[in-house]
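The values are calculated or read from the model by the stated rules, or taken from the named source; none is laboratory data. The structure displayed is predicted, hence computed values, not measured ones. Glycine gets a Cβ as well: all are built from the backbone with ideal geometry, and neighbour counts include every protein chain shown.
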Amino acid sequence: SSTAEKTQFDPLQQQLESTFGYHQFRDGQQDIMQAAMTGRDSLVLMPTGGGKSLCYQLPAICGDGLTLVISPLLSLMQDQVEALKALDISAATLHSGVTSQESMATMQGLQSGDIKLLYVSPERVLQPSFIERLQQLKLNFIAVDEAHCISQWGHDFRPEYGKLGVLRNYLPNVPFMALTATADSATQHDIIERLCLREPLVHRSSFDRPNIRYVVQEKYKPLKQVRDYVKKQKGAAGIIYCGSRKKTEELSESLQQAGVRAAPYHAGIEHQIKESTLRQFLRDDIDVVVATVAFGMGINKPNIRFVIHFDIPRSVESYYQETGRAGRDGLPAEALMLYDPRDAQWIRRMIEDQENEQRRLVEAQKFSAMQAMAEAQTCRRLVVLNYFNEYSDKECGNCDLCLDPPQRYDGLEDAQKALSCVYRVGQQFGINHVVEVLRGSKAQRVIELGHDQLSTYGLGKSETQEHWFSVLRQLIHRGLILQDIRRFAALQLTDAARPILKGEVPLELAKPRIELTATKTRITD
Ligand code: ADP
Ligand code: ZN
């Protein structure tokens, strides 16, 4: 009886049903909301579509003060405000695109306490005059959406986001709720540090999307490959991501010629045409959108059956976000990536040509992880989830590698050689260097460091570079080695490596399947 009573008088539960028409909280939502209501900071890591917005909207309408939502995306703010208004919730937004008249009305609404939820851009919230206003209002809490934009390690760093921590000085008693769909550990730490979260409740939902099948194919005749694939989908909805505007147009045209209802979408296309493409796609009047990454933020179409990456994305986060737009309805969907190691080589060169050293470093590490996924020898889902710190050793059964596994061999000895080499170089060096030492390279750096004196030097001479890259990557994917992206991707052994080094457990490895030309050139560079 006590649970029934509690439910009855729980304002969160009541508003969940009466305002939003939902009957149950999703995993974690209730704890997160309660944290905000009781003044505790929180960090919410949930995949896109996981239900982050409700985490702040619901406690916002239950509290008696104002709730601030900081968001970097004007269109998303606008959408949410419209949706809230439709539910009779008083919400408003302030950013550079709002007229001064609207802005004045909003300020009045704040003063009178009529507005429950205010969406603001980071620039606006950091204006001293605005902060002064806030100090005079009763604030429930501050939600920081897309919080990964705070982090230099994130794929979407926004300098003004990095400054949000100063709000704490002016509003010391207001709790923060940071939300993001990006969950690598470096980003996570950065968010906590930069927003000065105090003993936050950290919630992370599983990032697994079991209904999405991950497939990587070697790219050999891309236009034909895509055409054949799309025709087999028989009118199902899909998105094809390309690395350039020009390619989206070429590919879209080639599909149209093959009788597919396709349209291109990129930032260079006129606003009206883009809007109309989006509308047609949502109404199923167009089946395939061929797009650059400009397409997708905030897209809510549940029945997308496939996402194709015509080109390899720059990071696992992007890959995950983009593929995650498929199968929102929970029905089977497929994510196909066409991979050519030469594309990877080209991207790597572009990254290395950048001026800013910090960015160069971050992007190179992010891309390495993406490339490792493309070249994986073990379950791709494990690689993706492992990247988001979600460890499992159960292969998924729903990716190309699980469904059509590569050849396996007894890899214990190789693993021992590789792990002890990581150990011998002091766990201070990245994968390239470890492979050089294993293969007995005469490179100047190896000699200078005295690594030609190590017992593991040249231990793997008889195998190719590809072989050792593959072995090390598999060990990373299995969680036996960590790659520390804050320290030049230095390889470090985890506790799980010990029983392998001692030979206490067996270990199967896969023979490499894709020729790693990209890494080959990297080493001889
Ligand atoms: P995110 O911001 O994490 O990408 P959203 O907040 O947009 O996700 O939520 C995705 C969808 O799930 C929305 O349609 C939302 O209304 C719905 N949703 C969220 N929480 C619940 C819930 N407890 N019960 C049912 N639907 C929910
Ligand atoms: Zn798998």
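Quick one: count up the residues across region 337-367 that are surrounded by 23 or more Cβ atoms within 10 Å (Cβ to Cβ) and within 17 Å of the chain's Cα centre (by Cα).
2
Listed residues Met373, Met337; which is within 16 Å of ligand 2 (Cβ to nearest atom), touching a helix residue (DSSP H, G or I) at 6+ places or on another chain (Cβ under 8 Å) and more than 23 Å from Leu507 (Cβ to Cβ)?
Met337
What number of residues in region 379-413 are part of a helix (DSSP H, G or I) and within 16 Å of ligand 1 (Cβ to nearest atom)?
0
Can you tell me how many residues in region 210-224 are under 27 Å from the mean Cα position of the chain (by Cα) and closer than 18 Å to Arg342 by Cα?
Residues meeting the conditions: 5.
Looking only at region 1-50, count every residue that is at pLDDT below 90 and touching a Lys or Arg at 6+ places or on another chain (Cβ under 6 Å) and tell me the total.
Residues that pass the stated criteria total 1.
Could you list, ordered by first residue, the pairs with Cβ atoms under 6 Å in which the first is in region 281-304 and at pLDDT below 85 and in a loop (DSSP other than H, G, I, E, B) and the second is surrounded by 14 or more Cβ atoms within 10 Å (Cβ to Cβ) and of a type in the set (Ser, Thr, Tyr), at least 6 apart or interchain?
Close Cβ pairs (under 6 Å, with a partner that is surrounded by 14 or more Cβ atoms within 10 Å (Cβ to Cβ) and of a type in the set (Ser, Thr, Tyr)) amount to Phe295/Tyr265.
Return the residue satisfying two criteria in turn: it lies in region 39-62 and is small (Gly, Ala, Ser) and under 19 Å from Cys196 (Cβ atoms), and of such residues it is farthest from ligand 1 (Cβ to nearest atom).
Gly39
For Gln80, indicate whether it is away from ligand 1 (no atom under 16 Å from the Cβ) and on the phi < 0 side of the Ramachandran plot.
In short, no.
Is there any pair with a first residue in region 373-391 that is within 23 Å of Asp311 (Cβ to Cβ) and among the charged types (D, E, K, R) and a second that is modelled with pLDDT under 85 and within 16 Å of ligand 1 (Cβ to nearest atom) whose Cβ atoms are under 6 Å apart and which are 6 or more apart or on different chains, and what are they?
none
Note down all Cβ pairs under 6 Å where the first residue falls in region 431-448 and is over 17 Å from Leu491 (Cβ atoms), the second is part of a helix (DSSP H, G or I) and modelled with pLDDT of 95 or more, and they're at least six residues apart or on different chains.
The qualifying pairs are Ala443/Glu436.
Filter region 28-61 down to the residues that are surrounded by fewer than 20 Cβ atoms within 10 Å (Cβ to Cβ) and more than 23 Å from the chain's Cα centre (by Cα) and list them by number.
Across region 28-61, the qualifying residues are Gln30, Asp31, Gln34, Met37, Thr38, Gly39, Arg40.
This table checks each residue for (1) within 25 Å of Gly296 (Cβ to Cβ); (2) in a helix (DSSP H, G or I); (3) more than 30 Å from the chain's Cα centre (by Cα).
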position	(1), (2), (3)
Arg26	yes, no, no
Met77	yes, yes, no
Thr93	yes, no, no
Ser103	no, yes, yes
Gln111	no, yes, yes
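For region 245-260, how many residues meet the condition of being touching a Ser or Thr at 6+ places or on another chain (Cβ under 7 Å) and of a type in the set (Ser, Thr, Tyr)?
Within region 245-260, residues that are touching a Ser or Thr at 6+ places or on another chain (Cβ under 7 Å) and of a type in the set (Ser, Thr, Tyr) number 1.
Touching a residue at least 40 places away in the same chain (Cβ under 8 Å) and either in contact with a Lys or Arg (Cβ under 7 Å, 6 or more places away or on another chain) or assigned to a strand (DSSP E or B) (or both): which single residue out of Arg314, Arg342, Arg325 fits that description?
Arg314
Please work out if Asp452 is buried (at least 20 other Cβ atoms within 10 Å of the Cβ), at pLDDT 95 or above, more than 29 Å from Glu363 (Cβ to Cβ) and in contact with a helix residue (DSSP H, G or I) (Cβ under 7 Å, 6 or more places away or on another chain).
no
Quick check on my filter: what residues within region 252-275 are part of a helix (DSSP H, G or I), under 26 Å from the mean Cα position of the chain (by Cα) and under 18 Å from Glu322 (Cβ atoms)?
Within region 252-275, just Lys274 meets the criteria.
Those residues that are near ligand 2 (Cβ under 8 Å from one of its atoms) and either surrounded by fewer than 19 Cβ atoms within 10 Å (Cβ to Cβ) or within 17 Å of Val316 (Cβ to Cβ) (or both), I need them from region 381-399; list them, please.
Arg381, Leu382, Glu395, Cys396, Gly397, Cys399
Here are some conditions: (1) within 13 Å of ligand 1 (Cβ to nearest atom); (2) at negative phi. Gly21 meets all but one. Which one does it not meet?
(2)
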